[in-house]
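Novice: Questions regarding the structure given below will be posed in turn.
The values are calculated or read from the model by the stated rules, or taken from the named source; none is laboratory data. Keep in mind that what you see is a predicted model, and the values were worked out from it rather than measured. Positions of Cβ are backbone-derived with ideal geometry, glycine not excepted, and every protein chain shown enters the neighbour counts. Note: accessible area is taken over every heavy atom of the protein model, side chains too, but ligands, DNA and RNA are not part of it. Shrake-Rupley method; radii C 1.70, N 1.55, O 1.52, S 1.80 Å.
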Amino acid sequence: MTKAAVVLRDIVSEDDVEAVMGLRRGPGQDRYLGSMISHFEDAIADAHACPRMWSVHDAATSELVGFVMISDDIPDERLAADDDIVGPYFLWRLLIDERFQGRGYGAATIDAIGDYVAAKPNGRTLLTSCADGDGSPLPFYIRHGFTHTGEQKWGEHLLALDLEPRREAANGGRA
């Protein structure tokens, strides 16, 4: 089986929004991941957290397989002034449609986001958070390189993905 590859596409039109609204969570995932409409509501309500949303597509077929949202380069002064936001880069939402789960699209999406962030001047770490429990995405994140920071936020574990190795690889061994 070949490794899944994805393309991230900015959500810019009503058609883009309508397409991702059809994505569905897998059984039991509603405990950890809100509805698609809630992701857009959160982005509006928390615009100060610099949300950036993409639809996730299979690189070979262009089929829509998921949705991802990050906090994209939150300014340091905003981070210092607001204890409720984390960044500058935070994986806010990741949803692979239930029909496509278990095929490597989640890992490929994390790779794509990691490459995007690592290419930024201050893109050294990608943060995320999740809670414990049956069906939690925590094991998935740990398998894909995230580590516990020892901190909690919003009652969830704060996790970090070190992007320095990607930065070094992209810069010929220099970070």
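Novice: Considering only region 132-173, how many residues are closer than 14 Å to residue 110 by Cα, in contact with a Ser or Thr (Cβ under 7 Å, 6 or more places away or on another chain) and of a type outside the set (A, V, I, L, M)?
Specialist: 3
Novice: What are the pairs, 6+ residues apart or on separate chains, where a residue within region 127-142 that is free of Cβ contacts under 8 Å to residues at least 40 places away in the same chain has its Cβ under 7 Å from a residue that is surrounded by 14 or more Cβ atoms within 10 Å (Cβ to Cβ) and part of a strand (DSSP E or B)?
Specialist: 128/90; 128/91; 128/159; 138/130; 138/157; 141/128; 141/130; 141/159
Novice: Need pairs with beta-carbon distance below 6 Å; first residue in contact (Cβ under 8 Å) with a residue 24 or more places away in the chain and among the polar types (S, T, N, Q) and within region 147-162, second surrounded by fewer than 16 Cβ atoms within 10 Å (Cβ to Cβ) and not in a strand (DSSP E or B); sequence gap 6+ or separate chains.
Specialist: Partner pairs satisfying both residue conditions: none exist.
Novice: Say we look at region 1-40 and pick out the residues that are surrounded by fewer than 11 Cβ atoms within 10 Å (Cβ to Cβ) and assigned to a loop (DSSP other than H, G, I, E, B); which of these is modelled with the lowest pLDDT? Reasoning before the result, please.
Specialist: From region 1-40, those surrounded by fewer than 11 Cβ atoms within 10 Å (Cβ to Cβ) are 1-3, 10, 12-15, 18, 22, 27, 37; that's our starting set.
Filter once more, so that each one left must be assigned to a loop (DSSP other than H, G, I, E, B): 1-3, 12-13, 22, 27.
Values: 1: 57, 2: 68, 3: 86, 12: 93, 13: 94, 22: 90, 27: 67.
Out of the qualifying residues, it is 1.
Novice: Further, regarding this structure: Name the strands (runs of 3 or more DSSP E) wholly inside region 61-159 in which the number of residues that are open to solvent by 20 Å² or more (accessible area, probe 1.4 Å) and among the charged types (D, E, K, R) is 1 or more.
Specialist: Numbers: elements: 64-72, 89-96, 125-130, 147-153.
Here the list reads 64-72, 89-96, 147-153.
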